[in-house]
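The values are calculated or read from the model by the stated rules, or taken from the named source; none is laboratory data. The shown structure was predicted, so the numbers you read here are calculated from the model rather than taken from an experiment. Cβ coordinates were reconstructed from backbone atoms using ideal geometry, including for glycine residues, and neighbour counts include every protein chain displayed.
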Amino acid sequence: MTTAANDFMQRIHKRMPVILQAEDYEAWLNGETEEALAVAGQYPSQLMSAYPVGPAVGNVRNRGPELAEVVGEAI
């Protein structure tokens, strides 16, 4: 599932994955639709960080832990 990008992610893309905080797991799994959607809101920007990765990440045929290796300074 995706949602509108929070302030942090807007620099990268207009959408982002729904990320749940641990305290929201139960509401997500057991809540009514309205409650589940409320916890699927935007993940706090201050809890996120981003790092550049190599161009191999853009090819779905590539696999392996080397795709997550940082190749530059934190964004």
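Among the residues of region 58-70, write down those that are surrounded by 10 or more Cβ atoms within 10 Å (Cβ to Cβ) and part of a loop (DSSP other than H, G, I, E, B).
So in region 58-70, the residues surrounded by 10 or more Cβ atoms within 10 Å (Cβ to Cβ) come out as 62, 66-70.
Listed by number, the residues that qualify are 62, 69, 70.
Working only within region 12-30, note down all residues that are in a strand (DSSP E or B) and among the acidic types (Asp, Glu).
Scanning region 12-30 gives no hits.
Out of contact with any strand residue (DSSP E or B) (no Cβ under 6 Å at 6 or more places or on another chain) and at pLDDT below 90: is that true of residue 57 in this structure? It would help to see each step written out before you state the result.
On the way: out of contact with any strand residue (DSSP E or B) (no Cβ under 6 Å at 6 or more places or on another chain): yes; at pLDDT below 90: no.
No; evaluated as a whole, the condition is false for this residue.
Hey, can you tell me all the residues within region 31-54 that are among the polar types (S, T, N, Q), at pLDDT below 90 and surrounded by 10 or more Cβ atoms within 10 Å (Cβ to Cβ)? Quick ask: steps written out before the conclusion?
Here is the first cut: in region 31-54, the residues among the polar types (S, T, N, Q) are 33, 42, 45-46, 49.
Applying the additional criterion that residues be at pLDDT below 90 yields 33, 42.
Once the filter is applied, which keeps residues that are among the polar types (S, T, N, Q), at pLDDT below 90 and surrounded by 10 or more Cβ atoms within 10 Å (Cβ to Cβ), region 31-54 yields only 42.
Pairs only if they're at least six apart or on different chains, beta carbon under 6 angstrom, first in region 13-29 and farther than 12 Å from residue 43 by Cα, second in a helix (DSSP H, G or I); list them, first residue then second.
Every condition considered, the pairs that remain are 27/35; 27/39; 28/36; 28/39.
Pairs under 7 Å by beta carbon, first residue part of a helix (DSSP H, G or I) in region 31-48, partner of a type in the set (Phe, Trp, Tyr), six or more apart or different chains?
Correct list of pairs: 36/28; 39/28; 45/8.
Out of everything in region 11-30 that is over 14 Å from the mean Cα position of the chain (by Cα) and either among the acidic types (Asp, Glu) or under 13 Å from residue 1 (Cα atoms) (or both), what residue ends up being surrounded by the most Cβ atoms within 10 Å (Cβ to Cβ)? Explain how you work it out, then say what you get.
Of region 11-30, the ones over 14 Å from the mean Cα position of the chain (by Cα) are 22-30.
Adding the requirement that they be either among the acidic types (Asp, Glu) or under 13 Å from residue 1 (Cα atoms) (or both) leaves 23-24, 26, 28.
Details: 23: 8, 24: 18, 26: 11, 28: 16.
Filtering region 11-30 for residues that are over 14 Å from the mean Cα position of the chain (by Cα) and either among the acidic types (Asp, Glu) or under 13 Å from residue 1 (Cα atoms) (or both), the one surrounded by the most Cβ atoms within 10 Å (Cβ to Cβ) comes out as 24.
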